[in-house]
Amino acid sequence: MSFPLIKDTPRSSSNPLRIAVFVSGNGSNLQALIDEAKTPYCAYKICLVLSNEEHAFALTRAKTAGILSEVICHRDFVERHDYEEKLVEICGKYQIEVVILAGFMRVLGKTFLKAFSNRVINLHPALCPAFPGLHAVTQALKKRVWFTGCTVHLVNEGVDTGPILAQSIVPVLDGDDEASLSNRIQQEEHRLLPKLVQELALGNVIQDSFGTPSVKRAHF
Ligand code: GRF
């Protein structure tokens, strides 16, 4: 027996899944989600872009696309709990169903994850469980792996440890440095993330009776 991860799916362009994208910087993955959202059969809608950094270029991307944004800076809060409560409140205001962390440089804890249980998705530039945390591309180069890639996963309380939803492999080439390898990984991220969010909205990400999520590899 299995169930869609997100209730009331499948969605469609006329009844889209309401997502928020959390960002801290450039927002190239946000851009990929924006571009996909313009296609006719897209079943999700970006209802909010939230940044913890007021100068993030991602905010300019949101504005250009006509998407509402909010800046909630973690430095304005003494307690992490209060910061996360604020994030929950803002998401409630925009009736957000799923949160996508796309280059959001904060770790979310209990308070937020309880409110959005199984509904927070992260993108990591490595093949999890390899190279969690910061500087994943440098870690891969240092280890001299032949292949790395990117992972879309559900967020739990660990760092890049949640259930894996989708992955894409990127070969490490002779002469690669951090810039060249990051660049090729990002190209894969831009393909993988919008596809995964679309599959989520279509109800193709399912969980078994133990709650373990999965999505058919054939969809990718
Ligand atoms: C991505 O490479 C993602 O894997 C990591 O942060 C980066 C964000 O890039 N979590 P961008 O802001 O989407 O360009």
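Return a yes/no flag: does the stretch 46-69 have any residue that is within 16 Å of the ligand (Cβ to nearest atom), of a type in the set (K, R) and surrounded by fewer than 19 Cβ atoms within 10 Å (Cβ to Cβ).
yes
List, please: which pairs have Cβ atoms under 6 Å, are six or more places apart or on different chains, and start with a residue in the stretch 173-184 that is more than 11 Å from L141 (Cβ to Cβ) and end with one that is within 12 Å of the ligand (Cβ to nearest atom) and not charged (D, E, K, R)?
R184/V170
Taking the criterion of being within 22 Å of T151 (Cβ to Cβ), out of contact with any helix residue (DSSP H, G or I) (no Cβ under 6 Å at 6 or more places or on another chain) and either free of Cβ contacts under 8 Å to residues at least 12 places away in the same chain or within 16 Å of the ligand (Cβ to nearest atom) (or both), would at least one residue in the stretch 81-100 satisfy it?
yes
Got at least one residue in the stretch 137-158 being buried (at least 18 other Cβ atoms within 10 Å of the Cβ) and aromatic (F, W, Y)?
Checked the stretch 137-158: no residue is buried (at least 18 other Cβ atoms within 10 Å of the Cβ) and aromatic (F, W, Y).
Listed here are the residues, each with its yes/no results for (1) away from the ligand (no atom under 16 Å from the Cβ); (2) at pLDDT below 95; (3) part of a strand (DSSP E or B); (4) of a type outside the set (S, T, Y).
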residue	(1), (2), (3), (4)
V152	no, no, yes, yes
D176	no, no, no, yes
K195	no, no, no, yes
I206	yes, no, yes, yes
F210	yes, yes, no, yes
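Counting just the residues of the stretch 159-180 that are surrounded by 21 or more Cβ atoms within 10 Å (Cβ to Cβ) and more than 18 Å from P4 (Cα to Cα), which one comes out farthest from the chain's Cα centre (by Cα)?
Top of the filtered list is V170.
Output the number of residues of the stretch 157-174 satisfying the condition of being more than 12 Å from the ligand (Cβ to nearest atom), in a loop (DSSP other than H, G, I, E, B) and of a type outside the set (D, E).
So the count comes out to 6.
Which residue pairs have Cβ atoms closer than 6 Å, lie 6 or more positions apart in sequence or on different chains, and pair a first residue in the stretch 15-30 that is more than 9 Å from the ligand (Cβ to nearest atom) with a second residue that is among the acidic types (D, E) and part of a loop (DSSP other than H, G, I, E, B)?
Final answer for the pair search is L17/E97; R18/E97.
Looking for whichever is farther than 26 Å from N118 by Cβ and in contact with a Cys (Cβ under 8 Å, 6 or more places away or on another chain) here; the options are V145, V170. Which one fits?
Numbers: V145 fails: in contact with a Cys (Cβ under 8 Å, 6 or more places away or on another chain).
None of the other options fit; the residue is V170.
Scan the stretch 71-83 and give yes if some residue there is within 27 Å of T9 (Cβ to Cβ) and of a type outside the set (K, R), otherwise no.
no
Hey, which of the strands (runs of 3 or more DSSP E) in the stretch 1-60, taking only ones fully inside, have at least 2 residues that are within 13 Å of I100 (Cβ to Cβ), modelled with pLDDT of 95 or more and of a type outside the set (S, T, Y)?
Those strands (runs of 3 or more DSSP E) span 17-23, 44-51.
Is there a residue in the stretch 113-130 that is part of a loop (DSSP other than H, G, I, E, B), of a type outside the set (K, R), free of Cβ contacts under 8 Å to residues at least 60 places away in the same chain and touching a Lys or Arg at 6+ places or on another chain (Cβ under 9 Å)?
yes
The values are calculated or read from the model by the stated rules, or taken from the named source; none is laboratory data. Not measured: the values here are computed from a predicted model. Positions of Cβ are generated from backbone atoms using ideal geometry, with glycine treated the same way; all protein chains shown enter the neighbour counts.
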